[in-house]
Structure formats: structure tokens, C-alpha cells
Amino acid sequence: MCDTFIAMQNTTIDGSIIFGKNSDRDANEPQYMLFQPRMDHDLEKNPNIQATYITVPQVATTYATVLSRPSWMWGAEMGFNEYGVVIGNEGVFTKVPYGPPALTGMDMIRLALERTSSADEALDYITELLDQYGQGGKGGYESNLEYHNGFLIADKEKAYILETAGPYWAASPVTDFGVISNGLSIEEEFTQCHPDLIGHALQKGWAQSKENFSFTKAYEDKKYALFTKFRQRRSLALNHLNKNKGHVDMWTARQILRMHEKKQQNKEFCSGSMGSICMHSGGIVSSQSTASMIVRLTKDGLDCLYTGSSIPCISLFKPFWWGSESIFFTEDEHEQGVKHWLEREGVHRAVLAGNIDVLALRKKLAVLEKEVDGLILDVIDMDEAKKRDVALKCAQLDADFARDLFASRLPETKRQTACGGPYFKWFWKKTNARLGQRR
């Protein structure tokens with residue numbers, strides 16, 4: 001389960017475009033920041049590239065990308081490239097049957113970022129991939145979850161929402177705000193679609209006529225829509241964006257990515273909730289926010305804030321600018337990337353067990369975040385070298401913060417959780433045991 005949003009130029013404080021996303025995945029699934037440089041490829045020696053499940057033809061040149069990558073997948077949950085194209089995806093649930101293993105939504109993100117230089121190109125390319133290869137395959141790390149995909153695609157000038165149902169799709173440009181989650185959101189307003197989108201729905205009896213045709217009403221799996229609470233999460237994001245219209249900035253985006261539904265506030269570590277944008281696992285809720293990213297797009301370039309860790313309400317958002325790629329991991333540093341995420345996840349599990357006091361943690365985080373925010377604002381209009389130094393310093397501050405938390409925590413206990421009901425405790429006992437086996 002995930003949430004992705006965008007605020008266009010007419011809604012932000014400075015005329016930039018602000019993108020934000022939480023990646024909600026299985027609680028034990030590592031996800032790390034991957035930097036892939038621009039590369040030229042020898043197509044005679046290596047004509048194909050292995051995606052998660054299938055191979056696709058390689059291209060002569062792939063663009064520099066920053067990706068937030070689930071450890072076992074080739075693709076990415078979110079990311080951006082050297083041209084300022086940024087994409088995030090959502091698992092959506094539809095009436096169309098799932099197909100055999102093919103491209104995952106994450107594969108399509110990576111392929112599009114490596115090979116396109118604008119939002120228009122990325123939209124066209126993803127729909128071409130969908131038509132040529134299809135989408136399919138297990139999407140869960142520890143579960144057998146399958147789903148179709150929705151995408152939020154943007155560049156420095158425009159943005160699109162693209163939602164799919166098997167081979168069928170619809171796309172709509174974003175005007176003020178765009179918010180997508182784990183269900184279809186495009187109704188009648190799409191401007192592009194699969195040529196047989198409406199015809200297929202009419203044939204299946206999912207729609208009665210071409211007039212006032214709604215993609216969501218025709219193709220949505222209503223059972224999953226109810227279970228995922230995606231409309232509740234979309235409303236949380238949309239309400240906060242509208243409340244701040246004209247003043248949206250990266251800090252607004254950070255607030256949204258940390259939001260919890262009212263009934264979970266102050267007990268986030270005692271219960272799981274599908275209704276919170278900052279998603280916590282537990283009980284029947286197997287997903288948690290495993291990584292977060294914010295991107296600010298301007299005519300001059302981009303600024304990024306990322307966590308590189310789970311649970312954004314207790315994570316530090318750190319800056320990235322082009323030139324500071326060394327703070328991320330390369331393909332050859334896969335194991336280091338996984339280890340980094342697992343170390344940060346240890347903080348979350350210690351909070352659950354009561355070995356780190358969450359109120360004390362948040363007070364320390366607020367002090368550190370004020371320092372980091374000040375560093376960012378000091379250099380946001382400076383040259384690449386100054387930005388690189390700040391990005392490196394903030395990454396080190398985060399490492400020191402995590403180390404200090406462990407140094408000052410309470411003595412180890414055998415508890416999996418400090419609070420919560422029996423099923424919540426049972427969930428974390430099983431989940432921690434599986435994580436321990438993988439270390």
C-alpha cells in the first residue's frame with residue numbers, strides 16, 4: 001500500500017512542483033537508495049537486460065537515475081533522472097484478472113527513468129511497455145500479493161496520472177493537485193486511454209454506455225477498495241494540500257508523509273492502520289511505510305529529501321542534489337544498501353519493544369531536523385560543491401543520530417512490542433523472527 005501526491009506550480013509557495021511519496025511494503029522488506037550513472041551499453045555483447053521476471057532489450061544509452069529500490073526487485077518504487085523526470089507508482093486492484101509474470105510496475109518506472117527525458121515521453125513509454133510486455137508477477141516480498149499499477153509521472157513543467165487494469169489504461173493531466181493511492185481514481189476526466197478501454201468494459205457489462213464513462217466505476221475491485229482504505233488516505237493528503245494551497249513546499253509534503261488517521265494518533269506503535277499515510281504494520285496490516293521521498297522540481301533543477309528508512313514519523317528527511325551521489329548505493333553495493341536499511345529498521349523495532357522511548361526520540365529528531373532544515377535553506381541556491389558538502393553532512397548526522405539512539409536505549413528485553421492487543425503482538429513476534437533469520 002502506498003500514497004503519492006503532487007502539487008503543481010500554481011499551488012506552491014514559489015512556483016515549483018512538489019512531489020511526495022511513501023512506499024508501503026511488507027514490514028521486513030529492505031528498500032535502499034540506488035544511484036545508477038548514465039551509461040553506454042555494448043548491445044552486441046549484452047543485447048538484453050534482466051528485469052524482475054523477464055528480459056527486455058537494452059538500449060545504447062541509459063540516463064543517470066536515483067531510485068528507491070525494494071531489495072529483491074530490479075525496478076523501483078519511486079525515483080527521478082538527470083532530466084528531472086520523477087515517477088512513483090501504486091498497486092491498484094481491478095476486475096481484470098492478473099496475468100503471468102511480466103513487467104512489474106517498479107520495472108516500468110526504472111525503464112522509463114533510464115530511457116525518457118520528459119513526462120510526455122515517460123507516459124508514452126510506459127503504455128508501450130504495457131502493450132508489448134504486459135504487467136504481472138508476485139508483488140509482495142513475504143506475501144503473494146498481486147496487483148495492477150497506477151503511476152504519477154512529472155517533469156519540470158507538467159504531470160500525469162496513469163492508471164491501469166491489466167492491459168487497459170487511462171491517463172489524465174494534473175492541474176492543481178494529483179493524489180493517487182491503492183485504487184483507481186480517474187473517473188470521466190481522462191484525456192488518453194487504451195483504444196479498447198470502453199469497449200471492453202461494455203462487453204463485460206461493467207459499463208452501460210460510452211456517455212459519462214467512468215474508468216473507476218467500470219474497472220474498480222470494490223472489495224479491495226474498501227479494505228485498503230485508499231480513499232481515506234487520499235482525502236487526508238488532498239485536504240492538507242488544499243488547506244495549504246498557494247503555500248505548499250517541501251515541508252508541507254513532509255507533514256503529509258507523516259500523517260496518521262485520528263484514531264491512531266499517539267498509539268501508532270500499538271496498532272496497525274491502513275488509514276494512515278504514515279503506515280504502521282501490525283495485526284491484519286502487513287504493510288508499513290518502508291521509504292519516503294520528496295522532490296522539488298524547478299526550471300533550474302531539483303531538490304530531493306529522502307529517508308532511506310521506514311516509518312517517516314520517526315525518520316530524518318535528508319537532502320540530495322546532483323553531485324552528492326556518493327551518499328547512495330550502486331548496483332555493486334547491494335548488500336551495503338540492504339544492511340543500511342536493516343540498521344535503521346532496528347530503531348523502529350526497538351521503539352516497538354519499548355527499548356527506545358518514542359517521545360524522547362521525537363524530541364531529539366525535532367532538534368536535529370531544525371538543524372538539517374537550516375543547512376538545506378542555507379545552500380538551496382548555492383553551487384554544487386556547497387550542496388554536496390551539506391548532503392554528506394546530513395547523511396552523517398543521520399548515522400550519528402541512529403547510533404546515539406541505540407547507545408542510550410533501555411536494556412534489551414524479550415518483548416516484541418511494548419503495547420497492543422494479542423494479534424498485534426503475535427504479528428510482530430512472527431515478523432521479527434523472519435527478519436532475524438534473514439540477517
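The values are calculated or read from the model by the stated rules, or taken from the named source; none is laboratory data. A quick note: this is a predicted structure, and the numbers were derived from the prediction, not measured. Glycine also receives a Cβ, built like all others from the backbone with ideal geometry; neighbour counts cover every protein chain displayed. All accessible areas refer to the heavy atoms of the entire protein, side chains included, with ligands and DNA or RNA removed. Shrake-Rupley method; radii C 1.70, N 1.55, O 1.52, S 1.80 Å.
Annotations
- Restricting region 2-12 to residues that are touching a strand residue (DSSP E or B) at 6+ places or on another chain (Cβ under 9 Å) and more than 28 Å from residue 287 (Cβ to Cβ), the residue that is surrounded by the fewest Cβ atoms within 10 Å (Cβ to Cβ) is 9.
- One residue from 59, 96 being in contact (Cβ under 8 Å) with a residue 12 or more places away in the chain, within 16 Å of residue 150 (Cβ to Cβ) and assigned to a loop (DSSP other than H, G, I, E, B): 96
- Where a residue in region 216-234 is more than 25 Å from residue 198 (Cβ to Cβ) and its partner, wherever it lies, is modelled with pLDDT under 90 and crowded, with 19+ Cβ neighbours inside 10 Å, with Cβ under 8 Å and at least six apart: 228/1
- Screening region 79-128 for residues that are among the basic types (Lys, Arg) and over 19 Å from the mean Cα position of the chain (by Cα) and picking the one that is nearest to residue 58 (Cα to Cα) gives 115.
- Pairs with Cβ under 6 Å, 6+ apart, first in region 371-384 and closer than 19 Å to residue 396 by Cβ, second open to solvent by 30 Å² or more (accessible area, probe 1.4 Å): 379/386; 379/387
- Residue 209 meets the stated requirement of being more than 18 Å from residue 90 (Cβ to Cβ), open to solvent by 40 Å² or more (accessible area, probe 1.4 Å), hydroxyl-bearing (Ser, Thr, Tyr) and assigned to a loop (DSSP other than H, G, I, E, B).
- Checklist (1) out of contact with any His (no Cβ under 9 Å at 6 or more places or on another chain); (2) buried (at least 24 other Cβ atoms within 10 Å of the Cβ); (3) aliphatic (A, V, I, L, M) applied to residue 201, failing item: (2)
- Test: residue in region 274-297 that is touching a residue at least 12 places away in the same chain (Cβ under 8 Å), in a helix (DSSP H, G or I) and within 13 Å of the chain's Cα centre (by Cα): no
- As for region 169-192, it holds no residue that is farther than 23 Å from residue 85 by Cβ, free of Cβ contacts under 8 Å to residues at least 24 places away in the same chain, surrounded by fewer than 16 Cβ atoms within 10 Å (Cβ to Cβ) and of a type outside the set (Asp, Glu).
- The number of residues in region 13-42 being in contact with a His (Cβ under 8 Å, 6 or more places away or on another chain) and either surrounded by fewer than 24 Cβ atoms within 10 Å (Cβ to Cβ) or more than 24 Å from residue 433 (Cβ to Cβ) (or both) comes to 1.
- Matching option when the condition is open to solvent by less than 50 Å² (accessible area, probe 1.4 Å) and part of a helix (DSSP H, G or I), among 129, 162, 152: 129
- Qualifying residue in region 87-105 (condition: modelled with pLDDT of 95 or more, within 21 Å of residue 391 (Cα to Cα), of a type in the set (Val, Ile, Thr) and open to solvent by less than 30 Å² (accessible area, probe 1.4 Å)): no
- Filtering region 28-49 to residues that are outside any loop (DSSP other than H, G, I, E, B) and over 24 Å from residue 340 (Cβ atoms) leaves 40, 48, 49.
- Residue match in region 213-225 (condition: open to solvent by 30 Å² or more (accessible area, probe 1.4 Å), assigned to a helix (DSSP H, G or I) and either of a type in the set (Val, Ile, Thr) or touching a Phe, Trp or Tyr at 6+ places or on another chain (Cβ under 7 Å) (or both)): yes
- Criterion (open to solvent by less than 40 Å² (accessible area, probe 1.4 Å) and under 30 Å from residue 15 (Cα atoms)) met by exactly one of 281, 287, 276: 276
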